[in-house]
Each structure stands twice: as C-alpha cells, then as structure tokens.
1. For the stretch 115-184 and the stretch 43-101, write down the distance between their C-alpha centroids in whole Å.
2. In the stretch 18-158, what percentage of the DSSP-assigned beta bridges are antiparallel, given to the nearest 5?
3. Which value in deg cm²/dmol, rounded to the nearest 500, describes the helix-derived mean residue ellipticity at 222 nm for the chain, given -39,500 (n - 2.57) per DSSP H run of n ≥ 4 and division by the residue count?
4. Can you pull the Kirkwood radius for the stretch 137-214, inverse mean 1/r over Cα pairs, to one decimal in Å?
5. With springs only between Cα atoms under 10 Å apart, run a GNM on the chain and tell me which of Thr113, Thr81, Thr55 wobbles the most.
6. Which whole-Hz couplings ³J(HN,Hα) result when phi for each residue of the stretch 122-134 is put into the Karplus expression 6.51 cos²θ - 1.76 cosθ + 1.60, θ = phi - 60°, listed in order with x for Gly and Pro?
7. Taking Rh as the Kirkwood radius computed over C-alpha pairs, what is the Stokes-Einstein D of the chain at 37 °C in a medium of viscosity 0.692 mPa s, expressed in µm² per second?
8. Return the loop-located GluC sites (Glu not before Pro) in the stretch 118-158 (DSSP other than H, G, I, E, B) with at most 12 other Cβ atoms within 10 Å of their own Cβ; answer none if there are none.
Amino acid sequence: MAERAIASRREADEWIEAGWVRVDGRLAALGQRIRGDERIDIDPAARQEQGRRVTVLLHKPLGFVSGQAEDGHEPAAVLVTADRRWAEDRGRPWHPGHGRGLAPAGRLDLDSTGLLVLTQDGRIARHLIGEDSDVEKEYLVRVAPMGPSSFRENGLDLLRHGLMLDGRPLRPAKASWANEDQLRIVLREGRKRQVRRMCELVGLKVLSLKRVRIGSVLLGKLPPGQWRYLRDDERF
C-alpha cells in the first residue's frame, strides 16, 4: 500500500487491523504477502479518518529541536497550541487533537530557524523525507569567511555540485548570492547539518540559517514561534 502511495506503512497497518482493507475482495491480514497485481480496496471510513489528519507549518524559532526533546531543549511541536496560531490563518477550526501526534517531516537544527512541517499524515512525511524524495528545500544562509581569503575560488561551483559528506557525494544543488553576505541554497536532500557542513567545506562559517520554502510552500509572513494549517490548495 505504501509503494502504491495509498497510505503510509503505519496507516496501512492501522487500516488492516480495523478491517478497512480488502485484497481481491477478501479481508487483508497484517503481514500478508501479495504478488503485486491484486486489486486493493479501501473502506471509505479509512479515507475519512485520513482526511481528518492535519499538517501544520511552523516558523521554528531558535532554541527548539525538530523532534524529540534533547539536552533540555523542547521539541518544536509544543508550540502548536491554540494561542500560538497565526491570526491571519483562516483555515479549519482548531481542535485539541490537532496538536497531538505531530511528527516533523524533516529537521531544522537547534540554531536554525524557518519553515518546519509537522504532520499527522504519513503520506506527507513520506513525500518529504522518504528515501526517494526529490522535494526542494530553500535556505537563506548568512555567512562569513572562516579566515582571510578562506573562501575557495570555486566555492560557489562546489556548493552547486562536487562536494562529499560522510564519504558520499551530494546531489546537485542550487547556490547563489542573495546579497554580499547571504547565500541562497536549494537542496533536494537533507543530511545532518548539511548546509552548515557544505559551507565549511568551501571556507565559510554560517552565522544564521533560515529555511524559507519547501517545495512550492513558502514561509511567507508567518511570524517566528507561530503556526498555520497547510491549506487545501497547497501542495509540496
């Protein structure tokens, strides 16, 4: 079901346990193996349950981690409360259940800010951070040379393509100067502290890092520490 993009693996397990999945007309069982050409039918109740799951966009401020609490720092999901909802968000009405079970679809480091996606929908998480995800993430990165004349002559070209991290080549990226001390970098992957490590490899120290776009969804005017719902007309 995950391979056919019907549901995430977790959702598929939940639906099968609830009796909402049939394979060629027969109730599916957890762990059941199929050839691949069978007809899979989903009970409408499963779709209704899936449709109630929410995705929120948070402007993560400094000092919060993306996932589980660590080293005394709280997870960004604690900011998804009724009183921190952006006043200009005119989407669905708030429900306390919308603040539970939110998982980060991607990471932003403790010392980074900007657009963070938190979702209850496994399909969206898989689309954004699955192994074969090709969704662009755009960053504004304020930098300074690590030392006199430290920025490599071909540094911009290397940021675009030619660098390696942890013994593996990076996918091609986009890199350009937004102004004299700020880079605009667009990636299609998300390795640990990737932007900072890329900059260090070409002789630049990152002073600040802000994610401003994921796919076609923009951070826009969303204030730091506030969130809004992903609109029905928005797609990553």
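1. Comparing the Cα centres of the stretch 115-184 and the stretch 43-101, I get a distance of 25 Å.
2. Working: 14 of 15 bridges.
In the stretch 18-158, DSSP labels about 95 percent of beta bridges as antiparallel.
3. Numbers: 5 runs with 39 residues, N = 236.
The helix contribution divided over the chain gives -4500 deg cm²/dmol.
4. Numbers: mean 1/r = 0.0807 Å⁻¹.
Kirkwood hydrodynamic radius for the stretch 137-214: 12.4 Å.
5. Highest fluctuation of the listed residues: Thr81.
6. With the stated coefficients, the stretch 122-134 comes to x, 5, 5, 4, 5, 5, 8, 10, x, 4, 9, 5, 10 Hz.
7. Numbers: Rh = 19.8 Å.
Estimated via Stokes-Einstein, D reaches 166 µm²/s.
8. On the way: sites: Glu131, Glu136, Glu138, Glu153; in loops: Glu131, Glu136, Glu153.
In loop regions of the stretch 118-158 (DSSP not H, G, I, E or B), the sparsely surrounded GluC sites (Glu not before Pro) are Glu131, Glu153.
Read-outs throughout are calculated quantities, based only on the coordinates presented, and are distinct from any laboratory measurement. Treat the numbers as computed from the prediction; the structure is a model and nothing was measured. When we count neighbours, we look across all protein chains shown, and the Cβ atoms used for this are built from the backbone with ideal geometry, even at glycine.
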